[in-house]
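Input: a single structure, listed below in structure tokens.
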Amino acid sequence: MDPRLLEAARSAKGFMPDDEGRALHDAALAASLSVGGPLLEIGTYCGKSAVYLGAAARAAGTIVFTVDHHRGSEENQSGWEHHDTEVVDPLTGRMDTLPYFRRVIEGAELEDVVVALIGYSVPIASAWQTPLAFLFIDGGHALDVAMADFEGWAKFVPVGGTLAIHDVFEHESEGGQAPFEVYRRALAEGFEDLNSVGSLRTLVRSS
Ligand code: SAH
Ligand code: MG
């Protein structure tokens, strides 16, 4: 990965360990070179994973869409484990990660490659039509939210395309179980294991 982009990804605020981010990059690049279509991520936050994906999109000559309402997941809200007071809009008291995302993508010089879709995942999926070489699910981790993301978006991954899921923990002691449930459903619905790094699972559609 381009060292300048790697540095930009590493220094961005967010929830993507570097080894998993690099695996995300490698899987996105390989998928883009083998099947047609752009990349799409659910769960932008401040754009950390979008830089790893943007580097892959740049190298493959494609673009990456990144979907987020920028108001944070349940687990990002005040009082929860993953809350960061810095991303609260002082005017409204609500979370707003969009300004941070803008700065990260600007600093990484990826504005021509990373395209923000600002809104809720499911209604955007309902209006979507384009096949995706690579889909990354890293949005809300409540079971209904995570399942709705899979249901709305997985159908746009063609045979040979890649699905990546973040925060997959087999045991409850390691973390929430919703992404693991989504992973199990993907295996039951046409996807096969490709790779696993940390809590990142990548799968390829075989049918
Ligand atoms: N990929 C990021 C982390 C994402 S955190 C990184 O690399 O750091 C999860 C994000 O999902 C939050 O920013 C939250 O606002 C977003 N989110 C949660 N539910 C959503 C929904 N239903 N639609 C769109 N975005 C959602
Ligand atoms: Mg995550």
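The values are calculated or read from the model by the stated rules, or taken from the named source; none is laboratory data. Just so it is clear, the structure is predicted and the values come from calculations on it, not from any experiment. Positions of Cβ are backbone-derived with ideal geometry, glycine not excepted, and every protein chain shown enters the neighbour counts. All accessible areas refer to the heavy atoms of the entire protein, side chains included, with ligands and DNA or RNA removed. Shrake-Rupley method; radii C 1.70, N 1.55, O 1.52, S 1.80 Å.
Which of the residues belonging to the range 8-23 are in a loop (DSSP other than H, G, I, E, B), over 18 Å from SER196 (Cβ atoms) and open to solvent by 40 Å² or more (accessible area, probe 1.4 Å)?
Step one: filter the range 8-23 for residues in a loop (DSSP other than H, G, I, E, B), giving 12-17.
Those left that are additionally over 18 Å from SER196 (Cβ atoms): 12-14.
Within the range 8-23, LYS13 is the sole residue that qualifies.
Scan the range 124-138 and tell me whether some residue there is in contact with a helix residue (DSSP H, G or I) (Cβ under 9 Å, 6 or more places away or on another chain), aromatic (Phe, Trp, Tyr) and over 30 Å from PRO3 (Cα atoms). Even if it seems obvious, please write down each step before you answer.
The first filter runs over the range 124-138 and keeps only residues in contact with a helix residue (DSSP H, G or I) (Cβ under 9 Å, 6 or more places away or on another chain), leaving 124-126, 128-138.
Now restrict to residues that are aromatic (Phe, Trp, Tyr): 128, 134, 136.
Then drop every residue that is not over 30 Å from PRO3 (Cα atoms), which leaves 128.
Among the residues of the range 124-138, at least one is in contact with a helix residue (DSSP H, G or I) (Cβ under 9 Å, 6 or more places away or on another chain), aromatic (Phe, Trp, Tyr) and over 30 Å from PRO3 (Cα atoms), which makes the answer yes.
Quick check: anything in the range 34-55 over 23 Å from TYR120 (Cβ atoms), more than 16 Å from ligand 2 (Cβ to nearest atom), of a type in the set (Gly, Ala, Ser) and in a loop (DSSP other than H, G, I, E, B)?
Yes: one or more hits.
In the range 73-92, which residues are of a type in the set (Val, Ile, Thr) and surrounded by 15 or more Cβ atoms within 10 Å (Cβ to Cβ)? Quick ask: steps written out before the conclusion?
Going through the range 73-92, the residues of a type in the set (Val, Ile, Thr) turn out to be 85, 87-88, 92.
Residues satisfying the conditions are VAL87, VAL88.
Six or more apart or on different chains, Cβ under 9 Å: which pairs go from a residue in the range 166-183 that's free of Cβ contacts under 8 Å to residues at least 12 places away in the same chain to one that's acidic (Asp, Glu) and within 13 Å of ligand 2 (Cβ to nearest atom)? Could you list them?
Sorted first by the residue in the range 166-183, then by its partner, the list stays empty.
Restricting to the range 67-85, count the residues that are touching a residue at least 40 places away in the same chain (Cβ under 8 Å) and away from ligand 2 (no atom under 13 Å from the Cβ). Spell out how you get there, then give the answer.
Of the residues in the range 67-85, the ones touching a residue at least 40 places away in the same chain (Cβ under 8 Å) are 67-70, 73-75, 82, 84.
Filter again for away from ligand 2 (no atom under 13 Å from the Cβ), leaving 67, 69-70, 74, 84.
Result for the range 67-85: 5.
Scan the range 63-84 for residues that are polar (S, T, N, Q), within 21 Å of VAL114 (Cβ to Cβ) and in a loop (DSSP other than H, G, I, E, B) and jot them down.
Applying the first criterion (polar (S, T, N, Q)) to the range 63-84 yields 66, 73, 76-78.
Adding the requirement that they be within 21 Å of VAL114 (Cβ to Cβ) leaves 66, 73, 76.
Across the range 63-84, the qualifying residue is only SER73.
Kindly provide the set of residues from the range 184-206 that are in contact (Cβ under 8 Å) with a residue 12 or more places away in the chain, closer than 10 Å to VAL168 by Cβ and out of contact with any strand residue (DSSP E or B) (no Cβ under 8 Å at 6 or more places or on another chain), ordered by number.
Correct list: GLY198, SER199.
I'd like to verify a number: residues in the range 38-62 that are touching a helix residue (DSSP H, G or I) at 6+ places or on another chain (Cβ under 6 Å) and either more than 15 Å from HIS25 (Cβ to Cβ) or free of Cβ contacts under 8 Å to residues at least 24 places away in the same chain (or both), how many?
3
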